[in-house]
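Beneath this line is the structure, given in C-alpha cells, with notes to follow.
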Amino acid sequence: MPRNNLSSDAVLNAATELADKEGLRQLSIKKLAENLNVKPPALYNYLDSLDELHVDLAIAGLTELGATMGEAAIGKSGDEALHSVGKAYLSFAKAHPGLYEATQWTNLWNGDPRVIEASEKIITQLRRILEFYELDEIELINTIRAFRSLCHGFASLGLNGGFGNPLVSSDESFEYALKVLLAGIRSLAT
C-alpha cells in the first residue's frame, strides 16, 4: 500500500526539485526520502537504485528540453527558429540545473533505449529546422554538433559561474555566439 500518496511520478518530481535546488550530485536516496517524509526503504517500491533514478531524470530532462525547444520553434524557420531554440535551451538549463545536468550524464544512461529515443527526438527537431539551409549530410551533422556544443557550453559555464567578466553579460555573449554560428551556417548554405 503506498504511503503518503507516494507514486513513481511523485518520487521523480521530488527528485527533480531536489536536484534543481541542491544539484544532481547531492541527490541521494536518504535526502529524497527525507524530502518525501518517508524512510529510505519505502522508495525502493518505486525505484531499484539511485542510478535508475538518474536515468529517469535524464529521460525527464531530455523530454522536457525537447518540448521546450519544440515550442520555441513553432511558427519560425531558419535563423529565427535556431535563435529561438538556442535561447529556449539556455533558459531550460537555467531553470532546471539539476535536471539539465542529468541529461549530460551519458556514462550512466548510454545505451538505454528510452534515453536514446528522447535524445533522438531533439536531434530530429534540429534536423527539421536545419532543412531550411539545404545542407548536405556531413554539414548537417557538424552543424547540429556545433549548435548543441554552443548551447551546452554556455549552459555549463553559466551554471558553474564561468562568466566572470562584468563588461559583457553572458546573455549578450550568447547572442553574439549565436549570430556568428548562424552566419557560418548561412555561408555553408550558399
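Bear in mind these aren't lab numbers, they're just calculated from the coordinates by the rules spelled out. Bear in mind that the values here come from a model prediction, so they are computed numbers and not experimental data. Ideal geometry is used to build each Cβ from the backbone, glycine not excepted, and the neighbour counts take in all protein chains shown.
For the chain, what is the relative contact order in percent, using Cα pairs closer than 8 Å and at least 6 residues apart in sequence? Kindly include the intermediate steps, with their values, before the conclusion.
On the way: 167 pairs, mean separation 40.1, N = 190.
Relative CO of the chain lands at 21 percent.
Could you estimate the translational diffusion coefficient of the chain from the Stokes-Einstein equation, with Rh from the Kirkwood formula over C-alpha pairs, at 20 °C and 1.002 mPa s, in whole µm²/s? Let's see the in-between values first.
Numbers: Rh = 18.0 Å.
So the translational diffusion coefficient is about 119 µm²/s.
Radius of gyration and Dmax for the range 1-47's Cα atoms, expressed in Å?
My reading of the Cα-based Rg and Dmax gives 9.9, 31 Å.
Given the DSSP H assignment, sum -39500 (n - 2.57) over each helix run of at least 4 residues in the chain and divide by its residue total; what's the result at 222 nm in deg cm²/dmol, nearest 500?
Details: 10 runs with 141 residues, N = 190.
Rounded to the nearest 500, the figure is -24000 deg cm²/dmol.
Quick check: Cα centre of the range 84-151 to Cα centre of the range 50-64, how many Å?
15
Taking every pair of Cα atoms in the range 94-180, average 1/r, invert it to obtain the Kirkwood radius, and report Rg/Rh to two decimals. Display every interim value, and only then the final one.
On the way: Rg = 15.1 Å, Rh = 14.9 Å.
Answer for the range 94-180: 1.01.
Could you tell me which of rounded, prolate or oblate describes the range 138-190, using a ≥ b ≥ c as the square roots of the eigenvalues of the alpha-carbon gyration tensor, with rounded for a/c under 1.5 and, failing that, prolate when a/b is larger than b/c and oblate otherwise?
Details: a/c = 5.02, a/b = 1.83, b/c = 2.74.
Oblate.
Using +1 at the Cβ of each Lys and Arg and -1 at the Cβ of each Asp and Glu in the chain, identify which of Gly158, Gly66, Ile138 lies farthest towards the dipole's positive end.
Going by the charge dipole, the pick is Gly158.
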